[in-house]
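Novice: Can you read through this structure? Questions will come right after.
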Amino acid sequence: MLEYNKQFVDGKRYEPYKTDSIPNKRMVIFTCMESRLVELLPRALNIQNGDVKMLKNAGAIIRKPFDSIMKSILVAVYNLKAEEVVVIGHHDCGMSHVDTNALTETMKKRGIEEKKLNTLTHAGIDFHEEFHGFDTVEESVQQSVNIIRDHPLLPSEVKVHGLVIDPGTGKVDIVSKEN
């Protein structure tokens, strides 16, 4: 990767991607870190470099109103002129299959000591709450949309929408749309 990067920079292949930090479409997209979406999602939605702020995590899940994704959304709204937020989940998401007991066992097999897991529990961290997935992608997207929409620091004029994309075809379905 580093050798490629050197050639990329030396050949000035970055020039077609030059833009500023304000998203052209005044939009934040919050989606899953799913590798099948890296190129598919922007192409399926006609998003070019510089059009949106793109935020990602496992499952496109927001569970707490002041987690890092929500803070990033607020910074994009207040400092980067974003006017809309779109949460995009996807079918066949790995987070829909997370079994926290199996995950714990895998961690132990990979060298995480029971003592460390117990320390987290005693520190008030609910492992299941932090790592559990979801039953349906539509419910998960709606949960994230609701947390964003109901956030006390989000201006009322900011529109928040929820979509689900098929990672095989790029087809997008609406879960929740704000007019």
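Novice: Condition first: of a type in the set (D, E, K, R) and at pLDDT below 95. Now tell me which residues in the stretch 140-179 satisfy that. Don't jump to the end; show me each part of the working.
Specialist: Kept after step one, since they are of a type in the set (D, E, K, R), are these residues of the stretch 140-179: 149-150, 157, 159, 166, 171, 173, 177-178.
Within the stretch 140-179, K177, E178 qualify.
Novice: Would it be correct to say that H132 is touching a helix residue (DSSP H, G or I) at 6+ places or on another chain (Cβ under 7 Å), at pLDDT below 95 and over 16 Å from C93 (Cα atoms)? Show your work before the answer.
Specialist: On the way: touching a helix residue (DSSP H, G or I) at 6+ places or on another chain (Cβ under 7 Å): yes; at pLDDT below 95: yes; over 16 Å from C93 (Cα atoms): no.
No.
Novice: Do we find that I174 is touching a strand residue (DSSP E or B) at 6+ places or on another chain (Cβ under 8 Å) and open to solvent by 50 Å² or more (accessible area, probe 1.4 Å) in this structure?
Specialist: Here the answer is yes, as I174 does meet what is asked.
Novice: Would you pick out the residues in the stretch 152-171 that are of a type in the set (A, V, I, L, M, F, W, C) and either open to solvent by 20 Å² or more (accessible area, probe 1.4 Å) or under 28 Å from N79 (Cα atoms) (or both)? Break it down into steps so the answer makes sense when it comes.
Specialist: Residues of the stretch 152-171 that are of a type in the set (A, V, I, L, M, F, W, C), as a first pass: 153-154, 158, 160, 163-165.
Result: L153, L154, V158, V160, L163, V164.
Novice: Do we have any residue at all in the stretch 140-148 that's surrounded by fewer than 19 Cβ atoms within 10 Å (Cβ to Cβ) and in contact with a helix residue (DSSP H, G or I) (Cβ under 8 Å, 6 or more places away or on another chain)? Spell out the reasoning first.
Specialist: The first filter runs over the stretch 140-148 and keeps only residues surrounded by fewer than 19 Cβ atoms within 10 Å (Cβ to Cβ), leaving 142-143, 146.
Retained after the next criterion (residues that are in contact with a helix residue (DSSP H, G or I) (Cβ under 8 Å, 6 or more places away or on another chain)): none.
No: the stretch 140-148 contains no residue that is surrounded by fewer than 19 Cβ atoms within 10 Å (Cβ to Cβ) and in contact with a helix residue (DSSP H, G or I) (Cβ under 8 Å, 6 or more places away or on another chain).
The values are calculated or read from the model by the stated rules, or taken from the named source; none is laboratory data. Computed from a predicted structure; not experimentally measured. Neighbour counts are summed over all protein chains in view; Cβ atoms, including those assigned to glycine, are modelled from backbone coordinates with ideal geometry. Accessible surface areas use protein heavy atoms only, side chains included; no ligands, DNA or RNA. Shrake-Rupley method; radii C 1.70, N 1.55, O 1.52, S 1.80 Å.
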